[in-house]
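S.K.: Take a look at this one; I'll ask things after.
The values are calculated or read from the model by the stated rules, or taken from the named source; none is laboratory data. What you are looking at is a predicted structure, and each value in this text was computed from that prediction instead of being measured. Here the Cβ positions follow ideal geometry from the backbone for every residue, glycine too, while neighbour counts run over all protein chains shown.
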Amino acid sequence: MYQRVSHSARRFLDFMLPPTCPGCQTVVAEPQTLCPECWHTLTFLGPPCCDGCGHPFDYAVPDRTLCGACVREHPPFDRARAALLYDEKSRDLVLAFKHADRTETTRLFAKWMAQAGRDLLSGTDVIVPVPLHWTRLFQRRYNQSVLLAHGLGKLTGKTVLPDGLLRTRNTPSQGRFGRLGRARNVRGAFKVKPRTALKLQDKRVLLVDDVYTTGATLRSCAKVLRRAGASGVDVLVLARVVRGFV
Ligand SMILES: [Zn+2]
Ligand SMILES: [Zn+2]
């Protein structure tokens, strides 16, 4: 009850107080905007990049070029794109969105994602967010990926299936694992309800998450969606870890 009251009080205050920059809390003129200082510290990602995993290239390449890793083994999704480089600057923004109730930035993030994923979105039939286990959803009260999926749905008019995927196991946080451990940790952790599978038949799915780290969770989700009947799966995230990228 207390939490509910404090949440409503916070919403009321958000409405009454001047808008602040989600990066540093300084007052800004318009809601849903970053201050110029924070804006300049972010690295936006775009072409040229690997047509599969979206890893940025620092030189021009022909269309549909794949990075070495995707040539060796193509991911179970077709294409992945990210709006931002996940670094110490964007991390604060993402963490505030995930844990600190700064959910009013959904519209801004969805706009950046729609831009980064415009080639993907043109072929998308349904948008599906990466799910949280219900116990974690209970602690956090909202799933940041569902918010981003709805934000993209509103911008593009595409159908959103917020419970298109279910998380059947409450897996430990991925943060404590390396690449192989992460893949093992999420194996078999997702499923599609039979009734939802009907809505995925022969549909191109856009899978949405906040951060792409090693891609283990997104790979696992993409496999389940394909097995359920999706004709293709693309991935769109807010921010992406890029090893060795300066
Ligand atoms: Zn700022
Ligand atoms: Zn790649």
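S.K.: Pairs, please: C-beta under 6 Å, at least 6 apart or cross-chain, first residue within 19 Å of residue 77 (Cα to Cα) and acidic (Asp, Glu) and in the range 39-59, second assigned to a loop (DSSP other than H, G, I, E, B) and near ligand 2 (Cβ under 7 Å from one of its atoms)?
M.R.: 51/66
S.K.: I've got another one for you. Quick check on residue 218: is it within 23 Å of residue 98 (Cα to Cα), in a helix (DSSP H, G or I) and within 15 Å of the chain's Cα centre (by Cα)?
M.R.: yes
S.K.: Shifting gears a bit: Could you identify the single residue in 185, 170 that is farther than 25 Å from residue 52 by Cβ and in contact (Cβ under 8 Å) with a residue 12 or more places away in the chain?
M.R.: 170
S.K.: Report yes if some residue within the range 78-85 is surrounded by fewer than 21 Cβ atoms within 10 Å (Cβ to Cβ) and either polar (S, T, N, Q) or within 13 Å of ligand 2 (Cβ to nearest atom) (or both); otherwise report no.
M.R.: Yes, the range 78-85 contains a residue that is surrounded by fewer than 21 Cβ atoms within 10 Å (Cβ to Cβ) and either polar (S, T, N, Q) or within 13 Å of ligand 2 (Cβ to nearest atom) (or both).
S.K.: Which condition breaks for residue 185 when tested against (1) surrounded by fewer than 21 Cβ atoms within 10 Å (Cβ to Cβ); (2) in a loop (DSSP other than H, G, I, E, B)?
M.R.: (2)
S.K.: Pairs please, first residue from the range 65-85 and under 17 Å from residue 217 (Cα atoms), second anywhere and within 16 Å of ligand 1 (Cβ to nearest atom), Cβ atoms under 8 Å, 6+ apart in sequence or on different chains.
M.R.: Hits for this filter: zero, empty list.
S.K.: Give, as residue ranges, the helices (runs of 4 or more DSSP H) completely inside the range 23-121 that count at least 3 residues that are modelled with pLDDT under 95 and either within 15 Å of the chain's Cα centre (by Cα) or within 15 Å of ligand 1 (Cβ to nearest atom) (or both).
M.R.: 36-41, 88-99, 106-116
S.K.: Now for a different question. Do we have any residue at all in the range 127-134 that's over 20 Å from residue 37 (Cβ atoms) and in contact with a Phe, Trp or Tyr (Cβ under 8 Å, 6 or more places away or on another chain)?
M.R.: Within the range 127-134, one or more residues are over 20 Å from residue 37 (Cβ atoms) and in contact with a Phe, Trp or Tyr (Cβ under 8 Å, 6 or more places away or on another chain).
S.K.: Can you go through 234, 202 and tell me which one is touching a Gly at 6+ places or on another chain (Cβ under 9 Å), at pLDDT 95 or above and surrounded by fewer than 17 Cβ atoms within 10 Å (Cβ to Cβ)?
M.R.: 202
S.K.: Right, here's the next one. Considering only residues that are within 11 Å of ligand 2 (Cβ to nearest atom) and of a type outside the set (A, V, I, L, M, F, W, C), look in the range 15-70 and name the one that is surrounded by the fewest Cβ atoms within 10 Å (Cβ to Cβ).
M.R.: 68
S.K.: Here's a follow-up. Could you tell me which of the residues 123, 153, 164, 157 is in contact with a Gly (Cβ under 9 Å, 6 or more places away or on another chain), of a type outside the set (A, V, I, L, M) and farther than 23 Å from residue 241 by Cβ?
M.R.: Answer to the check: 123.
S.K.: If I go through the range 128-145 residue by residue, how many of them are crowded, with 20+ Cβ neighbours inside 10 Å and not in a loop (DSSP other than H, G, I, E, B)?
M.R.: Total meeting the criteria: 4.
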